[in-house]
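A.B. asks: Encoded as structure tokens, here's the structure I'll be asking about.
The values are calculated or read from the model by the stated rules, or taken from the named source; none is laboratory data. From a predicted model like this one, the values you see are computed outputs, not experimental measurements. Every residue, glycine as well, gets a Cβ built from its backbone with ideal geometry; the counts of neighbours run over all protein chains shown. These accessible areas exclude ligands, DNA and RNA; they are computed on the full protein's heavy atoms, side chains included. Shrake-Rupley method; radii C 1.70, N 1.55, O 1.52, S 1.80 Å.
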Amino acid sequence: MRWLFVLLGAAILTAVAAVIIVLPSSSQEPPRPTASSKAPSGAPTPKVSEFTDPCGTFETKEQAPYAVTGYWITPRSNPCTWRHQLEEIHTVGGDTIIRIGYGLQFRSVDSGTGEVKAKDGTLDPLYKDCVEDGLSCHDAAERDLRQANEGNRIGRTYVYRTDESFGNGIFRCPGMERAIKAGKRVYFRLLAPPDGSDDSTCDFTQKATSYDLILVAGSATDSLTELLNLGDQFGMRIFPALPLAPRDPDVPTRANVKHIGTLTTLTRRILQDYGQRFAGRASLGGVYQPFEVQMADTLASNPTLQVYADQHTVVEQELPGKPILISPYLDARKRVAFGQTPKQVAEGFKALVRTGVGIIAPQDSRGTGKVGLFWPDERDSEVDERLRPVVGEATYGTAYHGSTRDYYREMAAAREEMLQAGHQVDLWANVEAFEPSGDRPCAPQGTRGKTDKKRLDQAVTMAGRYVQKIVSYMWSDFMTCGEPSLESEIMSDWQRPVAVDAIRRGRDIQDGVEVRGYNFTGATVVVEWTGGRKDLDVAAVGWLDQNPFEDVPEGMVTAWVPFDWTQVPPGEWVRISVTVPSGKSTTEPLHVRISA
């Protein structure tokens, strides 16, 4: 990821004073990041061009780099699946992997045996093999606590399952905490006060205390070590998931405040272990907090933000320089009480920044149908038929408070405000690679259906102007389902140009237009308006800057061509597209408007 630092000089301001380009619904240029912005380290360079192991031979070269450069993946038990997934992702330009993880759960135990119960009250088979000295792990832990002080007891029991394994860094008090091996499983027994203080004195004798027991059902082999090794080989950054907070039973969209202390303890222990084993690894990009919240102007009162803030503090202590990534969602629907305007979402963005998270990757929410992809002059157009299961037969203006572009523009402005205030945060776009429904659902559960590259290009066009990186939920299932799969569509169409931005910009004494986007080599910029069209060959009459800006997504370039804007009537919407020598053109033209 690279960072943009652009200041408009006095000459440029003079050149554009008479007429400016208005993008979607604003007459202002996008906010320009300040020098307070700090870039994180980039992805590591692949060690070799290919490598061979028992799973096969894998190439580490990008073959079809696309605008989306990061993907969520789901856990897989087969280690060869990891390799194939990362090879596929890296082939289309992916350099970032975000792992979907698991949740911390509060559980009851059998009063007779101390065995952990499942949510339905039956014994949970996942923990039946957690046995010490013929006792369940719960009863063995309580025995040891009472040997230290007869008044000690276990007040609450929690479980956390994972395909990771941990070193001794996960233990604060090795005399009372330990690993219990049972076949392919390793259980990690952790004990801590319920307030999250995690006392380092490890004195269990002085005062009778109620402790929380956390039983981690881990693996004998560590999946994160495997992923980081693959990240080194492919040149990718990995974001493992932090434990997901227990949900409030009355308001499931919020974290349960009763369990935040225990969640903080588990997070601290896991990150302590990461810090001891992985702190210097370039392939460890940061950590992902999977608890999603809706971006809203009331977000500051959501207790989930306490989870983000507490975990940020722990990350700063144990993994300095590694950011927390979160991916909240948008809802722009007018017909629901909780639909939010772009301005309201911007307030939510600022509330999230104040928790200390380093990367906010809002879901564009087009896949769920909660936000639409449209331009201001398309507000009276009927919504895409694939959105009708969510918003019915309606126009975009009737269905939504704003388009994807409106929301990312406001969040970019909010980010700039927070940078000026001294915060450090990146704005990424999480473009959803699915549709609300489909004839053949892509995932084992739910109705989400396959989308196509044309729609994904459209999402990139709408959001790409305002963000530092574009990622997508998700690779597993959604990029690989259907015929043809979205992956195969990208492989065959990756060289198609995608434009994300156009502004009026003079060069020397010439008026002109600057277009930003992807795959502009040999390009012709096409400007169309009522009664007129201009095809402008960039190489012949303009210039192409392929040196990436800072602070914009990787691979983005800039083309400039001369254009006399006085020939376009003031207030008219102009469409700007890009064509390359292969005949491929942008599937989504930019809609821009000039005003006197």
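A.B. asks: Do the conditions hold for Glu50, that is, is it closer than 27 Å to Thr265 by Cα, surrounded by fewer than 18 Cβ atoms within 10 Å (Cβ to Cβ) and of a type in the set (Asp, Glu)?
C.D. replies: Working: closer than 27 Å to Thr265 by Cα: no; surrounded by fewer than 18 Cβ atoms within 10 Å (Cβ to Cβ): yes; of a type in the set (Asp, Glu): yes.
Criteria not met by Glu50.
A.B. asks: Right, another one. In the set Val500, Val467, Val515, which member is crowded, with 19+ Cβ neighbours inside 10 Å, closer than 27 Å to Gly101 by Cα and at pLDDT 95 or above?
C.D. replies: Of the residues listed, the single one that is crowded, with 19+ Cβ neighbours inside 10 Å, closer than 27 Å to Gly101 by Cα and at pLDDT 95 or above is Val467.
A.B. asks: Right, here's the next one. Can you tell me how many residues in region 418-442 are surrounded by fewer than 20 Cβ atoms within 10 Å (Cβ to Cβ), at pLDDT below 95 and in contact with a Ser or Thr (Cβ under 9 Å, 6 or more places away or on another chain)?
C.D. replies: 3
A.B. asks: Inside region 125-143, can you point out the residues that are surrounded by 19 or more Cβ atoms within 10 Å (Cβ to Cβ) and among the charged types (D, E, K, R)?
C.D. replies: Those that are surrounded by 19 or more Cβ atoms within 10 Å (Cβ to Cβ) and among the charged types (D, E, K, R): Asp139, Glu142.
A.B. asks: Here is a further query. Answer yes or no as to whether Arg83 is in contact with a Cys (Cβ under 8 Å, 6 or more places away or on another chain), touching a residue at least 12 places away in the same chain (Cβ under 8 Å), open to solvent by 20 Å² or more (accessible area, probe 1.4 Å) and of a type in the set (Lys, Arg).
C.D. replies: Considered against the rule, which asks whether it is in contact with a Cys (Cβ under 8 Å, 6 or more places away or on another chain), touching a residue at least 12 places away in the same chain (Cβ under 8 Å), open to solvent by 20 Å² or more (accessible area, probe 1.4 Å) and of a type in the set (Lys, Arg), Arg83 comes out as yes.
A.B. asks: Report yes if some residue within region 471-479 is free of Cβ contacts under 8 Å to residues at least 12 places away in the same chain, open to solvent by 10 Å² or more (accessible area, probe 1.4 Å), outside any loop (DSSP other than H, G, I, E, B) and over 16 Å from Thr586 (Cα atoms); otherwise report no.
C.D. replies: Among the residues of region 471-479, not one is free of Cβ contacts under 8 Å to residues at least 12 places away in the same chain, open to solvent by 10 Å² or more (accessible area, probe 1.4 Å), outside any loop (DSSP other than H, G, I, E, B) and over 16 Å from Thr586 (Cα atoms), which makes the answer no.
A.B. asks: I've got another one for you. Tell me, please, whether a residue that is free of Cβ contacts under 8 Å to residues at least 40 places away in the same chain and assigned to a loop (DSSP other than H, G, I, E, B) can be found in region 279-286. Steps first, answer last, please.
C.D. replies: Quick first cut of region 279-286, residues free of Cβ contacts under 8 Å to residues at least 40 places away in the same chain only: 280.
Pick out the ones that are also assigned to a loop (DSSP other than H, G, I, E, B) and you get 280.
So far as region 279-286 goes, yes, one or more of its residues are free of Cβ contacts under 8 Å to residues at least 40 places away in the same chain and assigned to a loop (DSSP other than H, G, I, E, B).
A.B. asks: From the list Thr558, Thr524, Thr586, Thr530, pick out the single residue that is of a type outside the set (Asp, Glu), modelled with pLDDT under 95 and not assigned by the TED database to the domain that holds Val467.
C.D. replies: On the way: Thr558 fails: modelled with pLDDT under 95; Thr524 fails: modelled with pLDDT under 95; Thr586 fails: modelled with pLDDT under 95.
Going through Thr558, Thr524, Thr586, Thr530 in turn, just one is of a type outside the set (Asp, Glu), modelled with pLDDT under 95 and not assigned by the TED database to the domain that holds Val467: Thr530.
Let's see how each residue does on (1) buried (at least 24 other Cβ atoms within 10 Å of the Cβ); (2) part of a loop (DSSP other than H, G, I, E, B):
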| residue | (1), (2) |
| --- | --- |
| Asp380 | no, yes |
| Arg386 | no, no |
| Pro389 | no, no |
| Glu393 | no, yes |
| Met411 | yes, no |
| Glu416 | no, no |
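A.B. asks: For region 185-206, check the following and say yes or no: at least one residue is in contact with a helix residue (DSSP H, G or I) (Cβ under 7 Å, 6 or more places away or on another chain) and without any contact (Cβ under 8 Å) to a residue 40 or more places away in the chain.
C.D. replies: Yes, because at least one residue in region 185-206 is in contact with a helix residue (DSSP H, G or I) (Cβ under 7 Å, 6 or more places away or on another chain) and without any contact (Cβ under 8 Å) to a residue 40 or more places away in the chain.
A.B. asks: I'd like to verify a number: residues in region 275-291 that are under 21 Å from the mean Cα position of the chain (by Cα) and more than 18 Å from Val357 (Cα to Cα), how many?
C.D. replies: So the answer is 3.
A.B. asks: Out of the residues in region 419-442 that are under 13 Å from the mean Cα position of the chain (by Cα) and of a type in the set (D, E, K, R), which is farthest from Arg386 (Cα to Cα)?
C.D. replies: Asp426
A.B. asks: Right, here's the next one. Any residue in region 438-463 that is of a type in the set (Gly, Ala, Ser) sitting within a Cβ distance under 6 Å of a residue that is in a loop (DSSP other than H, G, I, E, B) and surrounded by fewer than 16 Cβ atoms within 10 Å (Cβ to Cβ)? List the pairs, counting only those 6 or more apart or interchain.
C.D. replies: From region 438-463, the pairs are Gly449/Ser437.
A.B. asks: Scanning for something touching a residue at least 40 places away in the same chain (Cβ under 8 Å) and among the polar types (S, T, N, Q), does region 139-150 turn up at least one residue?
C.D. replies: yes
A.B. asks: Further, regarding this structure: Please report, ordered by residue number, the strands (runs of 3 or more DSSP E) entirely within region 159-261 with at least 1 residues that are crowded, with 17+ Cβ neighbours inside 10 Å and out of contact with any Gly (no Cβ under 8 Å at 6 or more places or on another chain). Talk me through it step by step, then tell me what you get.
C.D. replies: Details: elements: 178-182, 185-192, 210-219, 237-239.
It comes to 178-182, 185-192, 210-219.
A.B. asks: When you go through Asp493, Asp477 one by one, which is the residue that is over 29 Å from Pro570 (Cβ atoms) and under 23 Å from the mean Cα position of the chain (by Cα)?
C.D. replies: Going through Asp493, Asp477 in turn, just one is over 29 Å from Pro570 (Cβ atoms) and under 23 Å from the mean Cα position of the chain (by Cα): Asp477.
A.B. asks: Ok, one more. Which of (1) closer than 22 Å to Ala241 by Cβ; (2) open to solvent by less than 10 Å² (accessible area, probe 1.4 Å); (3) of a type in the set (Gly, Ala, Ser) is the odd one out, the single condition Gly103 does not satisfy?
C.D. replies: Going through the list (1) closer than 22 Å to Ala241 by Cβ; (2) open to solvent by less than 10 Å² (accessible area, probe 1.4 Å); (3) of a type in the set (Gly, Ala, Ser), Gly103 breaks only (2).
A.B. asks: While we're looking at this one, here's another question. Condition first: open to solvent by 30 Å² or more (accessible area, probe 1.4 Å), of a type in the set (Gly, Ala, Ser) and assigned to a loop (DSSP other than H, G, I, E, B). Now tell me which residues in region 522-566 satisfy that.
C.D. replies: Answer for region 522-566, where residues must be open to solvent by 30 Å² or more (accessible area, probe 1.4 Å), of a type in the set (Gly, Ala, Ser) and assigned to a loop (DSSP other than H, G, I, E, B): Gly522, Gly531, Gly555.
A.B. asks: For region 279-319, which residues satisfy the criterion of being polar (S, T, N, Q) and open to solvent by 10 Å² or more (accessible area, probe 1.4 Å)?
C.D. replies: Listed by number, the residues that qualify are Gln294, Thr298, Ser301, Asn302, Gln306, Thr313, Gln317.
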